[in-house]
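First comes the structure, then the notes that go with it.
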Amino acid sequence: PSLFTDVELAAPVVIFQLTADYKADPSDKKINLGVGAYRTDEGQPWVLPVVRSVEAQMAIDPLLNHEYLPILGMPSFCEAATQLVLGKDSPAILQNRAGGVQSISGTGALRLAAEFLFRFYNKREKSTAVYVSSPTWGNQTAVFKNAGFTDHRTYRYWDADQCALDYKGMLEDIENAPEFSIFILHGCAHNPTGLDPSHEEWIGIAEACKRRNIFPVLDCAYQGFASGDPDVDAWSTRKFVELGFELLVCQSFAKNFGLYNERIGNLCLVMRDSPTLSRCRSQVELIVRAMYSNPPNHGARIVATTLSNPALKQEWLDNLHTMASRIKAMRHLLHSKLRSKGTPGNWDHIITQIGMFSYTGLNASQVEFLRKRHIYLLSSGRINMCGITTSNIDYLVESIHDAVT
Ligand code: PMP
C-alpha cells in the first residue's frame, strides 16, 4: 500500500470548480460571472496592446537573456512598482525608507508579508491577531495560516441589509482589537463586495488603527483597474503612509496589466528609516532564497519597461482606461435595465461599487436558480462585471428578474 493512503481528498477550490462547470456546460446561453479576470465585450481574454508591443520588442532584443534575476527581483521593476503605488514624490521613497521585493504576483506578496511578519513582528505578542474583512477574498486567511499565524479574526465590513459599508462596525472592531494586531485592508476595489470606504471613512479607519497601534497590510490587487487611474486607486495606501505608519503593501500586476499567469507582483515595505528597510529587506531575501530562490523575469521586464518609458506608460494608462470604462458601462447598463424592468429591490449599489466585482445581494437560492439558467456565480452573490457583455445582458437581466420574483 502507498505511504499516503491516509491522505484525504481535499475539497476543490470553489472558484476554479465554477469555471470548470461552466466550461463543461454545452448551453449557448451560458454566462460565467465567477472568473476573476477581465473579459472583452466579446467575452474573450484581453492581452493589453501595450503588453503585446513590449513583448514583441523583448523577443528580438539581443541584450536580453535567461540569466537568474537577483533574489529580491529585478531592481528596475521593484523601483517602478514601488513608485507606482506610493507615488514618485512619496517622502518615504525620497527618504529611502520604502522599497520593493518582486513577488509571485499578489498572492506571493501576501505570502512574503506573512512569512516576514510571523518571524519578525509576531515576537511582540505570543500570538498576534490577524484581521481580515468580513467578507474577504478567502486566500488572505489561508496564506497567513500557512505562514504560522493561529489567531484569525474578522472585522465587520459589509452591511447586508443596506448593501453598504458597516463603517461603524468596522471602527468598533478596530477599537476593540488587541493592540499591535495585524489588519489586512483592501487598498481599493474590495474583493468580493466592490465596496470601498470614502476618503473621509479611510481617514477615520487610519486614525482608529493609529490609536490601537495596528499594523496595516494593504492588499492592492486592483490599482488602476478600479477607477481607471492608478493614482486615485492608491489614495488610501498613500494616506496611511502620510500618517506615518510602518506598513506592507502587496501589489499584483495580474489585473492592471492583464498578466495573470505571469505571476508578477511586488511586496512594498515602508519602514521608519532607511537602515530598518535595509535590515528588513535582507531578511526577506533569506525567506525568498529558501522558498523559491529567485523570481521569474518575463512579467517583471514587461512592467518595468512599460512604467519607465513615458510613451509606453501613457499607452498602458489608455489600456487601463479601456478596461475600467467597460466595467463601469456594464454596471450602468445592468442597473438601468433592472430598474426599467421594475425588478424588485434597490440596485443602486451596483453603480456605487467599484472594480471588477459586485456583491449583488442575490441569495444562495437565487444563485441556484440562475445556475439552472446556465448563469454561473458564487453562492455569495458575487459577480464579475466583466462576464457581462452587451449581447448577454438581456438574458441575464431577465433571469435575475425571474430569480427575485
Ligand atoms: N488580493 C485580492 C483581494 C485579490 O482579489 C487577488 C486576486 N484574486 C489577489 C490578492 C492576488 O491575486 P494574484 O496572486 O493573482 O495576483
Taking a straight Cα-to-Cα line shorter than 18 Å from Lys372, and setting aside same-chain lysines fewer than 8 residues away, one finds Lys23, Lys29, Lys30
Restricting to lysines and to Cα separations under 21 Å from Lys255, and discarding same-chain partners fewer than 8 apart, the set is Lys313, Lys328
Going from the fewest other Cβ atoms within 10 Å to the most, one would list Leu218, Leu248, Leu9, Leu312 as Leu9, Leu312, Leu218, Leu248
Quick calc, Tyr292 & Glu368: beta-carbon distance into FRET formula, R0 35 Å, rounding 0.05, result 0.30
Summing -39500 (n - 2.57) over every DSSP H run of at least 4 in the chain, dividing by its residue total and rounding to the nearest 500, the 222 nm mean residue ellipticity is -14000 deg cm²/dmol
The lysines whose Cα lies under 28 Å from the Cα of Lys126, excluding any fewer than 8 residues away in the same chain, are Lys145, Lys210
Subtracting the Cα-Cα distance of Thr150 and Thr276 from 0.36 nm times their residue separation yields 42.7 nm
By Cβ neighbour count within 10 Å, fewest first, Thr40, Thr107, Thr5 rank Thr5, Thr40, Thr107
Long-range alpha-carbon pairs in the chain, meaning those over 25 Å apart, account in percent for 58 percent
The rounded separation in angstrom of the Cα centers of the stretch 269-321 and the stretch 173-203 is 24 Å
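Values quoted throughout were computed directly from the atomic coordinates according to the rules given, and no laboratory measurement underlies them. Worth saying up front: this structure is predicted, and the values here are computed from it rather than measured. Don't worry about glycine lacking a Cβ; one is built from the backbone with ideal geometry, like all the others, and counts go over all protein chains shown.
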